[in-house]
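Engineer: First, the structure itself, so that you have it in front of you.
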Amino acid sequence: MYRFTGLMKNSGILFGVLMLTAAYISGDPFPPVSMLMVMVIFAIRLFGLRNPSSCLRDISFTLLSLFYIPGLLAFQVLLRHSGPQWIIFLYGCVWISDSAAYYVGKSIGKRKLYLEISPNKTIAGAVGSLIGGSLSGWMLNMVLVHSMGTGESFVVGGIIGTVTIIGDLVESMFKRDAGVKDSSGIVPGHGGILDKIDGVLFAGPVLYLVSEIFGG
């Protein structure tokens, strides 16, 4: 989105893969080796590009890419350790929340939720996401998870529905700043992969903490 290229971009991709691998092996979303990777990124910028101009921008972009995508995805790796049903629960709640937000917002949405960031999102759509998340949380708990009571599953699903909206808005904020409509064109007609997982990125860490409470 930000047309970031060269040594720092490639370093970010490499260390992103390494962060996910380390999280899987260690069972820790941010193992101590992550800080070593941060130090190496500083060193790469120091010695790889001798011109100090824009060094803060270069390092900031790289570190943000690490913690925003592989850092948040790492919680899904750990969530899988609690059982595959939690991954299905996560994506099911997010997808149903997204669908409910879209159809409710399109049908009856009038008042904008956050015009400056995402002009198509409405308050009605946000309520639809909350309700869709609650219902899907209850349904998927009965079918798959079996670790929560009825009230708890409604609450957890509602939280996921709410956090999904925040994750979507955060990515919209980045796209607005970058001046692009989609994160990439890798999925024709649907935007980039980040457009498909923005809500899940934020919902994953929340559900991981919940799974540790109810299912861990």
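Engineer: What are the residues in region 44-89 that are over 16 Å from the mean Cα position of the chain (by Cα) and among the polar types (S, T, N, Q), if any?
Structural biologist: Those that are over 16 Å from the mean Cα position of the chain (by Cα) and among the polar types (S, T, N, Q): ASN51, SER53, SER54, SER60, THR62, SER82, GLN85.
Engineer: Ok, one more. Is it true that some residue in region 159-180 is assigned to a loop (DSSP other than H, G, I, E, B), in contact (Cβ under 8 Å) with a residue 40 or more places away in the chain and farther than 19 Å from LEU78 by Cα?
Structural biologist: yes
Engineer: Which is among the small types (Gly, Ala, Ser) and outside any helix (DSSP H, G or I), of SER183, SER129?
Structural biologist: Working: SER129 fails: outside any helix (DSSP H, G or I).
On inspection, the qualifying residue turns out to be SER183.
Residue-wise test of (1) crowded, with 19+ Cβ neighbours inside 10 Å; (2) polar (S, T, N, Q); (3) free of Cβ contacts under 8 Å to residues at least 24 places away in the same chain.
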| residue | (1), (2), (3) |
| --- | --- |
| PRO52 | no, no, yes |
| CYS55 | no, no, yes |
| SER60 | no, yes, yes |
| LEU63 | no, no, no |
| PHE67 | no, no, yes |
| ARG80 | no, no, yes |
| PHE89 | yes, no, no |
| CYS93 | yes, no, no |
| ASP98 | yes, no, no |
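Engineer: Within region 138-184, track down each residue that is charged (D, E, K, R) and surrounded by fewer than 18 Cβ atoms within 10 Å (Cβ to Cβ).
Structural biologist: Those that are charged (D, E, K, R) and surrounded by fewer than 18 Cβ atoms within 10 Å (Cβ to Cβ): GLU152, ARG176, ASP177, LYS181, ASP182.
Engineer: Identify, by number, the condition in (1) over 19 Å from SER99 (Cα atoms); (2) surrounded by 14 or more Cβ atoms within 10 Å (Cβ to Cβ) that LEU130 doesn't meet.
Structural biologist: Condition not satisfied by LEU130: (1).
Engineer: For the subset of region 2-26 comprising residues that are among the hydroxyl-bearing types (Ser, Thr, Tyr) and in a helix (DSSP H, G or I), which member is nearest to SER82 (Cα to Cα)?
Structural biologist: Out of the qualifying residues, it is TYR24.
Engineer: Just the residues that are closer than 24 Å to GLU171 by Cβ and touching a Lys or Arg at 6+ places or on another chain (Cβ under 7 Å), please, taken from region 31-84.
Structural biologist: ASP58, ILE59 - these are the residues of region 31-84 that are closer than 24 Å to GLU171 by Cβ and touching a Lys or Arg at 6+ places or on another chain (Cβ under 7 Å).
Bear in mind these aren't lab numbers, they're just calculated from the coordinates by the rules spelled out. Everything quoted here is computed from the prediction, not taken from an experiment. Cβ sites come from the backbone with ideal geometry, for glycine too, and all protein chains shown count toward neighbours.
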